[in-house]
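This report concerns only the one structure given below.
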Amino acid sequence: QIPCDVIMNLNQKTHRMFTRDGNNLKMNMDISLKDALLGFSKTITHMDGHTVEIKRTQITRPFYVKKIKGEGMPVHQFPSEFGDLLVKFVVKMPPSLTAEQKKFIEENFE
């Protein structure tokens, strides 16, 4: 037989949590208004099954993006190197406030 090239087509399957951007992975994380103001610690399960802790100890503005080094995809031809995980925080606002909550906010917030 005559030697020749093998041509393959690969289709990337969509993931429910992550999207790929080169070697980086991106995801959105919903957080409550309370978590945005006071901080939080949440754990996610990565694509390979290991867990990643995502933590904030300060105020998180809506759509703030946190970079977690080394939690992205393996770098092509360098399997010991990984891209980053970019987490965008979506702050979920309460649908309504009680009169007591409104009064508290008026008295305690600038």
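The values are calculated or read from the model by the stated rules, or taken from the named source; none is laboratory data. Keep in mind that this is a model prediction, so the values were computed, not measured. When we count neighbours, we look across all protein chains shown, and the Cβ atoms used for this are built from the backbone with ideal geometry, even at glycine. In case anyone asks, the SASA skips ligands and DNA or RNA and just uses the protein heavy atoms, side chains included. Shrake-Rupley method; radii C 1.70, N 1.55, O 1.52, S 1.80 Å.
In the structure shown, the pairs Lys42/Lys103; Lys67/Lys103; Lys67/Lys102; Lys55/Lys92; Lys26/Lys55 are assessed against 25 Å; a Cα-Cα span above that value is assigned to Lys42/Lys103; Lys67/Lys103; Lys67/Lys102. Label positions at Ser80 and Met47, each projected 7 Å from the Cα along the C-beta direction, are separated by 2.2 nm. For Asn24, the amide hydrogen comes within under 5 Å of the amide hydrogens of Met73, Asp84, counting only partners 5 or more places away or on other chains and with H modelled in the peptide plane.
Taken per residue, the accessible surface of the chain reaches 83 Å², heavy atoms only and a 1.4 Å probe.
Label point of Lys26 set 7 angstrom out along Cα-Cβ; within the range 46-72, amide nitrogens under 16 Å from it belong to 63-68, 72.
Subtracting the Cα-Cα distance of Arg16 and Gln101 from their residue separation scaled by 0.36 nm leaves 27.1 nm. A DSSP coil position with no more than 16 other Cβ atoms inside 10 Å describes the following trypsin sites (Lys or Arg not before Pro) in the range 63-107: Lys69.
Of the solvent-accessible surface of the chain, computed with a 1.4 Å probe over protein heavy atoms with every protein chain present, carbon and sulfur atoms account for 53 percent. Structure remark: mean-square fluctuation, Gaussian network model of the chain, C-alpha springs under 10 Å; the largest value among Phe63, Phe18, Phe78 belongs to Phe78. Residue-normalised convex hull volume from the C-alpha trace of the chain: 140 Å³ per residue. In order along the range 75-90, phi translates into HN-Hα couplings of 7, 4, 6, 9, x, 8, 10, 10, x, 10, 9, 10, 9, 9, 8, 10 Hz, rounded to whole numbers, per the Karplus curve 6.51 cos²θ - 1.76 cosθ + 1.60 with θ = phi - 60° and x for Gly and Pro.
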